[in-house]
1. At a threshold of 8 angstrom on Cα-Cα distance, excluding pairs fewer than six apart, so keeping six or more, what relative contact order does region 60-143 reach in percent?
2. Under the definition of Cα pairs under 8 Å and six or more residues apart, what whole-number percent is the relative contact order of region 45-107?
3. If you take all C-alpha pairs in region 44-146, what percent of them are over 24 Å apart?
Amino acid sequence: MRALGLTVTMALAAAGCATTQAPAVAVAPPRVAPPGPPPPTLEGAWNLAMVRGAPQGVRLAATLKIEADRAEGISDCGVFTARAPNVGMDLQFNGLVTNEQTCNASVRAVEKTFIDALSSTRMVQMRAGYLVLMDERGREQLYFARGG
C-alpha cells in the first residue's frame with residue numbers, strides 16, 4: 001500500500017510539473033537610434049578660404065559651385081569647369097577646363113597652385129564647416145567655406 005501511495009504521489013507531482021507554466025518573460029523592443037542630422041552635402045556654392053602652399057600675403061578670391069557631378073567656378077584670374085563625380089568621400093575634377101584672364105603675376109602663381117590642387121583632388125572631408133579637398137595621399141590642398 002505504501003508503494004501505491006508513493007506511486008500516486010509521484011504521478012501527481014509529475015502531472016503538476018507537466019502543467020506548470022513558466023512565467024512569461026517580457027522582451028524589450030530593439031533600441032533604435034534616433035535619426036541624426038543628414039550627412040553634409042558637397043553640392044552648392046563654396047568660397048575659397050585657403051590654398052596650401054600659397055605665399056603669405058597673396059590672396060586668391062575664388063568660388064566653387066558643385067551640382068550633380070558638375071563643378072564650375074570663378075577666380076581672380078579666370079573661370080573653370082569640370083566634371084566632378086562624387087562617391088562618398090571620393091571626389092575628382094575630370095576634364096578641368098580653364099579660361100584665363102589677365103591678373104597680377106603673384107596672384108597668377110596662386111591660381112596655378114589652385115588649379116593644380118583641383119586637378120589632383122581625390123578625396124574630400126567636411127571639417128568644422130569647411131570643405132577640405134585632399135590629394136591621393138590625403139594631403140590637404142584646398143579649404144572652402146560654404147558660400148551664398
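1. Numbers: 156 pairs, mean separation 16.6, N = 84.
Result for region 60-143 is 20 percent.
2. Numbers: 104 pairs, mean separation 15.6, N = 63.
RCO, region 45-107: 25 percent.
3. Numbers: 709 of 5253 pairs.
In whole percent, the long-distance tail amounts to 13.
Just so you know, all these numbers are worked out from the coordinates, no wet-lab data involved. Everything quoted here is computed from the prediction, not taken from an experiment.
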